Amino acid sequence: RGVDVVVDVVGGSVFTDSLRCLATLGRLLVVGFAAGEGIPEVKVNRLLLNNIDVRGVGWGGYGMMRPGYLHQQWEALLPMIEAGAVKPPIGATYSFDELGRALVDMDERRTLGKSVVRVR
């Protein structure tokens, strides 16, 4: 039947596969283009055939245009993280002295999940 929502951080050739796996009335959330293959395009007839939707999720710009919004979101999210209901996927943790290594690992696509740099 397909899935209701796909969060696509990869883009490139994966984008078309993400569209194909959507159920009727499904939504594809475009978050980024980690594949580095250029920005994909969608033929709108594909959207019409299954009544699906592609939405850009530009978190930074959206939050910056709304004073106080990011702070409100963090206040709502922090208790869920502390309670264990939301578990960010931490792939690697680095000391502050290893910041350069963290950046190289990201640049060379060796990171999975979130990278954490401890500043204290």
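The values are calculated or read from the model by the stated rules, or taken from the named source; none is laboratory data. Please read these numbers as outputs of a predicted model, since none were measured by experiment. Cβ: placed from backbone, ideal geometry, glycine included. Neighbour counts: every protein chain shown.
Residue check, residue 51 against (1) surrounded by 12 or more Cβ atoms within 10 Å (Cβ to Cβ); (2) on the phi > 0 side of the Ramachandran plot; (3) of a type outside the set (Phe, Trp, Tyr), all met but one. Which one?
For residue 51, the failing item is (1).
Tell me whether the stretch 102-116 contains one or more residues that are surrounded by 10 or more Cβ atoms within 10 Å (Cβ to Cβ), β-branched (Val, Ile, Thr), under 23 Å from residue 4 (Cβ atoms) and out of contact with any helix residue (DSSP H, G or I) (no Cβ under 6 Å at 6 or more places or on another chain).
no
Is there a residue being part of a helix (DSSP H, G or I), closer than 24 Å to residue 5 by Cβ and of a type in the set (Ser, Thr, Tyr) anywhere in the stretch 19-38? Talk me through it step by step, then tell me what you get.
Within the stretch 19-38, the subset part of a helix (DSSP H, G or I) is 19-20.
Okay, now just the ones that are also closer than 24 Å to residue 5 by Cβ, so 19-20.
After this cut, where a residue has to be of a type in the set (Ser, Thr, Tyr) as well, the list is none.
Checked the stretch 19-38: no residue is part of a helix (DSSP H, G or I), closer than 24 Å to residue 5 by Cβ and of a type in the set (Ser, Thr, Tyr).
Give the number of residues within the stretch 69-120 that are part of a loop (DSSP other than H, G, I, E, B), over 19 Å from the mean Cα position of the chain (by Cα) and of a type in the set (Val, Ile, Thr).
1
Of the residues that sit in the stretch 59-99 and are among the small types (Gly, Ala, Ser) and farther than 19 Å from residue 29 by Cβ, which one is surrounded by the most Cβ atoms within 10 Å (Cβ to Cβ)? Explain how you work it out, then say what you get.
Here is the first cut: in the stretch 59-99, the residues among the small types (Gly, Ala, Ser) are 60-61, 63, 68, 76, 83-85, 91-92, 95.
Next, only the ones that are farther than 19 Å from residue 29 by Cβ stay: 68, 76, 83-85, 91-92, 95.
Working: 68: 8, 76: 9, 83: 8, 84: 7, 85: 9, 91: 13, 92: 17, 95: 12.
Going through the qualifying residues, I end up with 92.
Can you run down the residue pairs with Cβ atoms below 6 Å, 6 or more apart or on separate chains, where the first is in the stretch 91-108 and within 16 Å of residue 120 (Cα to Cα) and the partner is of a type in the set (Lys, Arg)?
As it stands, the answer is 95/118, since those pairs meet every condition given.
For every residue, the table says whether it meets (1) touching a helix residue (DSSP H, G or I) at 6+ places or on another chain (Cβ under 9 Å); (2) among the acidic types (Asp, Glu); (3) assigned by TED's automatic domain parsing to the domain that holds residue 107.
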residue: 40; (1), (2), (3): yes, no, no
residue: 46; (1), (2), (3): yes, no, no
residue: 51; (1), (2), (3): no, no, no
residue: 67; (1), (2), (3): no, no, yes
residue: 86; (1), (2), (3): yes, no, yes
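So residue 38 clears everything in (1) out of contact with any Asp or Glu (no Cβ under 6 Å at 6 or more places or on another chain); (2) of a type outside the set (Lys, Arg); (3) surrounded by 12 or more Cβ atoms within 10 Å (Cβ to Cβ); (4) on the phi > 0 side of the Ramachandran plot except one condition, right? Which one?
Condition not satisfied by residue 38: (3).
Look through 14, 42 and report the one residue that is over 28 Å from residue 110 (Cα atoms) and either in contact with a Lys or Arg (Cβ under 6 Å, 6 or more places away or on another chain) or of a type in the set (A, V, I, L, M, F, W, C) (or both).
After ruling out the rest, the residue left standing is 42.
Just to be sure, is residue 15 surrounded by 13 or more Cβ atoms within 10 Å (Cβ to Cβ), assigned to a loop (DSSP other than H, G, I, E, B), of a type in the set (Phe, Trp, Tyr) and within 17 Å of the chain's Cα centre (by Cα)?
The answer is no for residue 15.
Kindly provide the set of residues from the stretch 41-54 that are in a strand (DSSP E or B) and farther than 16 Å from residue 14 by Cα, ordered by number. Can you show your working first?
Just the residues of the stretch 41-54 that are in a strand (DSSP E or B), to begin with: 53-54.
Answer for the stretch 41-54, where residues must be in a strand (DSSP E or B) and farther than 16 Å from residue 14 by Cα: just 53.
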